[in-house]
Amino acid sequence: MSDRRPIKISINALGGQGGGVLANWIIKVAENAGYVAQLTSVPGVAQRTGATIYYLELFPQELAVAHGRQPVLALMPAPGDVDIVLACEIMEAGRAMMRGLVTGQTTLIASSHRVYAVSEKIKLGDGRQGTEDIIEAAREAAGKFILADMNEAAATAGTVISAVMFGALAGSGALPIDRKIFEDVIRKGGRSVGESLAGFANGFTHASSQDVATESAAAAGAQNENAAPASKPAEASTVSAPVQNLLTRMKEELPAQVHFTAKEGLKKLVDYQDVHYVAFYLDRLAHIRALDAETGGERRDWKLTREVAKHLSLWMAFEDTIRVADLKTRTSRFSRFRKDVVAGDDQIVHVFEFMHPRLEEICDLMPAWLGGKILSSPMLRKALGILFKKGRRIPTTKLRGFLLLNFMGSLKFLRRGSYRYKIEDARINDWMKSIETLAREDYALACEVAGLQRLIKGYGDTHERGLANYGTLISLLDDIKATPAPADVFASLKIAALADEDGIALDAAIKRLKPGAIAA
């Protein structure tokens, strides 16, 4: 039987993508087309920390009969000896190449979308890995490379990605099997047949299109993480009169280079609080714009005003219990859950929130005088802290849980009189004073300090860690000014502060700046 080798297929799929279903479909297609088929799998760990590898070998039954014996098929893919690789996410295509499974004889079919790894998600800053190098390497390594956003094609059809990958396999021509046999396997499955066939058709079209590689490359380039997201201009007919007045004021008071960023900030703060809060935001920006003009910002494309416009809106929209409760009870969130799990109209989806508010978060909601009094009293903190030691599971798809969080989310009218607002407002004012002072001494350093808000995010322990790093860097400003390139030094310290939550990288960076120093 050495004159004919099996067709060897490797499938790399994540949890929930239907990799097992895809593998079994291929087995049935092969058997219906007259092949001896074998399937093995090596499961990965939970969800995105690892993928399951399904390995299939197909051998023509008629050839086995002609030789009078059954073929011996391998249990695992061997580097350099795989004909077809199906990667249900672009990083899995990269892993397949690292394992040596993709060569000039391989047809590589991959989805261009990303499912972010735990190591990417836990970064304090933007920990996402780019995909451009993987795509370029795949084009060079594979004999034939088919790339498209299979996840989006699945969502369009109301199915899961396995159906689209199945169609892409059929459309690639890598298996010498008629399309009808593929579709018959789906029909005989009897579950979500219409949606699966629609997804199959989308995948088949992507794979069989002569321009798919070019289209996919353009799509991948458009997904560059550093690109500014497209923003549709606000239409007067869909915007209330007060908001339209604020948009008009923004355009009149701020340079055109700042409009995109300021408009996004305006939208965020209207959603977060109200139009009066946005007016306050524009008042602050007008002051920075005047400072920028005074220090020659127009020659630098108004960089300082743009930086402050972005980070001021993020800081003014600080996360508190009211904001969290508001976001957790929005209709769009429940719709997204249903879409993510591909729930039918007749299916019920239950959602439970695990919440562990500390005494500090409760005091944040109180009037400034009361919250400050409790948190400044060790006796009161100890006595009341006992009530908030345990976390709670709140079912937001049940009336009692939904009404509780919905009520909390409706308390935004109390926010500007709360203890948390008083504290954050004071911090923002101090930050802006630092920017104003620095702008007249070192414009580039002022811009870096404007971006320091990146360190402050979330709530609870996450917020406290970021705030501590923020305070540490502010305290080092005098030392940083004494260096040959203060802006570059400050930028490197910000990167170090976002490198890990334990502050190891920041401690090391500070010691290089000030030997013997220990980060606060």
> Considering Phe354, Phe337, which residue is of a type in the set (A, V, I, L, M, F, W, C) and assigned to a helix (DSSP H, G or I)?
Replying inline: Phe337
> With respect to Arg454, is the statement that it is under 30 Å from Leu291 (Cα atoms), buried (at least 16 other Cβ atoms within 10 Å of the Cβ), touching a His at 6+ places or on another chain (Cβ under 8 Å) and among the charged types (D, E, K, R) true?
Replying inline: yes
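Mind telling me which of the residues Leu285, Leu314 ends up being closer than 21 Å to Leu467 by Cα, in contact (Cβ under 8 Å) with a residue 24 or more places away in the chain and not β-branched (Val, Ile, Thr)?
From the options Leu285, Leu314, the qualifying one is Leu314.
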> For the range 392-412, how many residues are without any contact (Cβ under 8 Å) to a residue 40 or more places away in the chain, of a type outside the set (A, V, I, L, M) and surrounded by fewer than 11 Cβ atoms within 10 Å (Cβ to Cβ)?
Replying inline: 1
> Does the range 1-33 hold any residues that are in a strand (DSSP E or B) and out of contact with any Lys or Arg (no Cβ under 8 Å at 6 or more places or on another chain), and which are they?
Replying inline: Ile7, Lys8, Ile9, Ser10, Ile11, Ala13
> Is there a residue being in contact (Cβ under 8 Å) with a residue 12 or more places away in the chain, in contact with a strand residue (DSSP E or B) (Cβ under 8 Å, 6 or more places away or on another chain) and not in a helix (DSSP H, G or I) anywhere in the range 152-165?
Replying inline: no
> Where residues in the range 459-479 are over 19 Å from Ser492 (Cβ atoms) and in contact with a Lys or Arg (Cβ under 9 Å, 6 or more places away or on another chain), which of them is surrounded by the most Cβ atoms within 10 Å (Cβ to Cβ)?
Replying inline: Tyr459
>> Go through the range 357-376 and report how many residues are touching a Phe, Trp or Tyr at 6+ places or on another chain (Cβ under 8 Å) and not in a helix (DSSP H, G or I).
In response: 4
>> Restricting to the range 286-324, count the residues that are among the β-branched types (Val, Ile, Thr) and touching a Ser or Thr at 6+ places or on another chain (Cβ under 8 Å).
In response: 1
>> Can you go through Thr295, Thr261, Thr248 and tell me which one is of a type in the set (Val, Ile, Thr) and exposed (fewer than 13 other Cβ atoms within 10 Å of the Cβ)?
In response: Thr248
>> Just to confirm my filter: which helices (runs of 4 or more DSSP H) fall fully inside the range 434-507 and include at least 1 residues that are under 24 Å from the mean Cα position of the chain (by Cα) and not small (Gly, Ala, Ser)?
In response: 461-475, 486-497
>> Condition first: farther than 22 Å from Thr106 by Cβ, among the small types (Gly, Ala, Ser), in contact (Cβ under 8 Å) with a residue 24 or more places away in the chain and not in a loop (DSSP other than H, G, I, E, B). Can you find one or more residues in the range 168-188 that meet it?
In response: no
>> Restricting to the range 413-433, and then to whatever is assigned to a helix (DSSP H, G or I) and among the small types (Gly, Ala, Ser), can you tell me which residue is nearest to Leu493 (Cα to Cα)?
In response: Ala426
>> Go through the range 357-390 and report how many residues are in contact with a strand residue (DSSP E or B) (Cβ under 7 Å, 6 or more places away or on another chain) and under 28 Å from Arg333 (Cβ atoms).
In response: 3
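Before we move on, is Ala117 out of contact with any helix residue (DSSP H, G or I) (no Cβ under 7 Å at 6 or more places or on another chain) and aliphatic (A, V, I, L, M)?
no
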>> Please determine whether any residue of the range 380-393 is outside any helix (DSSP H, G or I), farther than 20 Å from Gly458 by Cβ and either modelled with pLDDT under 90 or of a type in the set (Ser, Thr, Tyr) (or both).
In response: yes
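If we scan the range 29-43, do we find a residue that is closer than 23 Å to Arg95 by Cβ, aliphatic (A, V, I, L, M) and modelled with pLDDT under 90? Steps first, answer last, please.
Here is the first cut: in the range 29-43, the residues closer than 23 Å to Arg95 by Cβ are 38-43.
Subset that is aliphatic (A, V, I, L, M): 39, 42.
Those still in the list that are modelled with pLDDT under 90 too: 42.
So far as the range 29-43 goes, yes, one or more of its residues are closer than 23 Å to Arg95 by Cβ, aliphatic (A, V, I, L, M) and modelled with pLDDT under 90.
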> So is Lys144 in contact with a Ser or Thr (Cβ under 9 Å, 6 or more places away or on another chain), over 13 Å from Cys88 (Cβ atoms), of a type in the set (Lys, Arg) and surrounded by fewer than 23 Cβ atoms within 10 Å (Cβ to Cβ) or not?
Replying inline: yes
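Quick one: how many residues across the range 193-248 are modelled with pLDDT under 85 and closer than 30 Å to Leu269 by Cα?
Of the residues in the range 193-248, 18 are modelled with pLDDT under 85 and closer than 30 Å to Leu269 by Cα.
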>> Between Phe182, Phe204, which is among the aromatic types (Phe, Trp, Tyr) and within 29 Å of the chain's Cα centre (by Cα)?
In response: Phe204
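The values are calculated or read from the model by the stated rules, or taken from the named source; none is laboratory data. Computed from a predicted model, the values in this text were never measured in an experiment. In this analysis, Cβ positions are derived from the backbone assuming ideal geometry, glycine residues included, and neighbour counts consider all displayed protein chains.
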